[in-house]
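Right, one structure below, let's go through it.
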Amino acid sequence: MQIILNGETISTEETTLEALLAEQGYSNCSVATAVNEAFIAKKEYANTRLHPECVVEVVAPMQGG
Amino acid sequence: MSLTLYGTEFQSRLLLGTAQYPSPKILQESILASACDIITVSVRRESSREKAGQHFWRLLQETQTHILPNTAGCRTAKEAITTAQMARELFSTDWIKLEVIGNDDNLQPNIFALVEAAQELIAQGFKVFPYTTDDIIVGERLLGVGCEVLMPWGSPIGSGRGLQNPFALETMRAYFPDTPLIVDAGIGLPSHAAAAMQLGFDAVLLNTAIAKSGNPVNMSKAFALAIEAGRMSFLSDPIEQRDMAAPSTPVAGTPFWLETP
């Protein structure tokens, strides 16, 4: 299926947020996520099912004012 | 001389932004030179290839400062709330510098969405630092929904124009005598920061004026000194302005003085 990850359309066969993050190389990274504009806590990654056209945001600390 | 924000005491009255420095090393040196206790940070999309955020996160941890994440760039209450939730998990803090931008040209806060987001975030246990205007009615609303700090702009973000409306800021200080007030945005020079402190503001938050200066490390020290000077001035009950001159040297006994016939 196709989903949108950080603004880019990608193809994935993973069906949970946890598996997607591992597939995309975010394992062991300090990141936070939102799916379809809703925050998903770390403890919910394994239970969060992905669907075609899901919009996933993966963010990390960045410089800011 | 300490500053208390949401029950935590700090020595420094300078809150320092972490963006736009020439290098991570200069950022670290600037933080040290300013002796600030609180730094602001943000969250942005992380590339799994570059992992820029992971490097920055390690640098932040080395600074041993209190972290105040922001919601910079958010344009709706919903965006700001979700960003705050992500920041809380990332940085393990319930502090959030709440920004909801209403206009791309002057980055003015959308005060309606700001109040809406603040109310929801406080209900979720956040300690909200709202980036707002100098409008006292908006300030009242923000305090009414549970904010314990107000952060009015001095002038538009990054403009370096200083305090565009000192009268409004002075009014705000008088209207909210017991609320910590922090001038956030628009500061360009140490004298601007000193002026804010002389008005009785509790602290100043700035970024660009230090980061984009020719010597950020020295400039951060300059700002720290100016903020301390401004605070000491405020506490020392400055004299009132006069329209006419008043000699400081005693007039009595002036040599060669003769009474005019």
note = In this structure, the FRET efficiency calculated for B:M244 and B:F112 from their beta-carbon separation, with R0 = 45 Å, to the nearest 0.05, is 0.40
message = Please list, ordered by chain and number, the residues whose modelled amide H lies under 5 Å from the amide H of B:G17; skip anything fewer than 5 residues away on the same chain.
response = B:T40, B:L206, B:N207
request  = Place a +1 charge on the Cβ of each Lys and Arg in region A:2-59 and a -1 charge on the Cβ of each Asp and Glu, then give the dipole magnitude about the Cα centre in debye, rounded to the nearest 20.
outcome  = 220 debye
query = Once the Cβ-Cβ distance between B:K78 and B:N215 is put in as r, and R0 is 25 Å, what FRET efficiency do you end up with, to the nearest 0.05?
reply = 0.05
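For B:T179, B:T40, what's the largest-to-smallest order of accessible area, 1.4 Å probe?
These residues rank, largest area first, as B:T179, B:T40.
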query = Calculated FRET efficiency, B:S48 and B:A174, Cβ-Cβ r, R0 45 Å, to nearest 0.05?
reply = 0.30
request  = Just list whichever of B:K78/B:K221; B:K78/B:K212; B:K78/B:K127; A:K42/B:K212; A:K43/B:K78 have alpha carbons separated by over 29 Å in the model shown.
outcome  = B:K78/B:K221; B:K78/B:K212; A:K42/B:K212
task = Please give the helix B:77-91 orientation as an angle from the longest Cα principal axis of chain B, in degrees from 0 to 90, rounded to the nearest 10.
result = 80 degrees
key: Solvent accessible area, Å² - B:E140, 1.4 Å probe, full protein context   = 80 Å²
request  = Please compute the net charge surrounding B:F112, taking Lys and Arg as +1 and Asp and Glu as -1 over other residues with Cβ under 15 Å from its Cβ.
outcome  = -3
inquiry  = Per residue of region B:113-120, what does 6.51 cos²θ - 1.76 cosθ + 1.60 with θ = phi - 60° give for ³J(HN,Hα)? Whole Hz please, x for Gly and Pro, Karplus curve as stated.
reply    = 5, 4, 5, 4, 5, 4, 4, 5
message = How large is the accessible surface of B:L3 in square angstrom, using a 1.4 angstrom probe and rounding to the nearest 10?
response = 10 Å²
note = Using alpha-carbon positions, the gyration tensor of region A:2-59 gives root eigenvalues a ≥ b ≥ c; with a/c under 1.5 called rounded, otherwise prolate if a/b exceeds b/c, else oblate, the class is rounded
note = Karplus-derived 3J(HN,Hα) from phi for region B:223-239 (6.51 cos²θ - 1.76 cosθ + 1.60, θ = phi - 60°), whole Hz, x at Gly and Pro, runs 5, 4, 5, 5, 5, 5, 4, x, 5, 5, 4, 4, 6, 9, 6, x, 5
task = Along Cα→Cβ, 7 Å out, is where each label goes; now give me the distance between the ones at A:Q2 and B:F256 in nm to one decimal.
result = 9.3 nm
Region B:1-85: GluC sites (Glu not before Pro) falling in loop per DSSP and having at most 11 other Cβ within 10 Å = B:E50
note = At the level of C-alpha centres, the distance separating region B:32-50 and region B:232-254, in angstrom, is 46 Å
request  = Could you tell me the accessible area of A:T48 in Å² (1.4 Å probe, neighbours in place), rounded to the nearest ten?
outcome  = 20 Å²
message = Is the C-alpha gyration tensor of region B:1-111 telling us rounded, prolate or oblate? Criteria: a/c under 1.5 is rounded; beyond that, a/b larger than b/c is prolate, otherwise oblate.
response = oblate
inquiry  = For peptide A:2-12, what's the mean number of Cβ atoms from other chains within 10 Å of each residue's Cβ?
reply    = 1
request  = Enumerate the aspartates and glutamates that B:K97 could reach by cross-link, defined here as Cα to Cα under 17 Å, with residues fewer than 8 away along the same chain left out.
outcome  = B:D37, B:E79, B:E89, B:E116, B:E120, B:D134, B:E148, B:D184, B:D202
query = So what are the protein assembly as shown's ellipsoid semi-axes, whole angstrom, largest first, if each one is the square root of 5 times an eigenvalue of the alpha-carbon gyration tensor?
reply = 46, 21, 15
Estimated buried accessible area (total), pair A and B, 1.4 Å, Å² to nearest 100 = 2400 Å²
ask   = If Lys and Arg each add +1 and Asp and Glu each add -1, what is the summed charge of the other residues whose beta carbon sits under 13 Å from the beta carbon of B:G7?
value = -2
query = Going from most exposed to least, what order do B:R231, B:R242 have by accessible area with a 1.4 Å probe?
reply = B:R242, B:R231
ask   = What longest range of chain A stays clear of loop-exposed GluC sites (Glu not before Pro) (DSSP non-H/G/I/E/B, at most 15 other C-beta within 10 angstrom)?
value = A:15-36
query = Gaussian network model of chain B, Cα springs within a sub-10 Å range: biggest mean-square fluctuation belongs to which of B:G125, B:G154, B:G162?
reply = B:G125
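The values are calculated or read from the model by the stated rules, or taken from the named source; none is laboratory data. All values reported here derive from a predicted model rather than from experimental measurement. Cβ atoms come from the backbone with ideal geometry, glycine included; neighbour counts cover every protein chain shown. Calculation scope for accessible area: heavy atoms of the full protein, side chains included, ligands and nucleic acids excluded. Shrake-Rupley method; radii C 1.70, N 1.55, O 1.52, S 1.80 Å.
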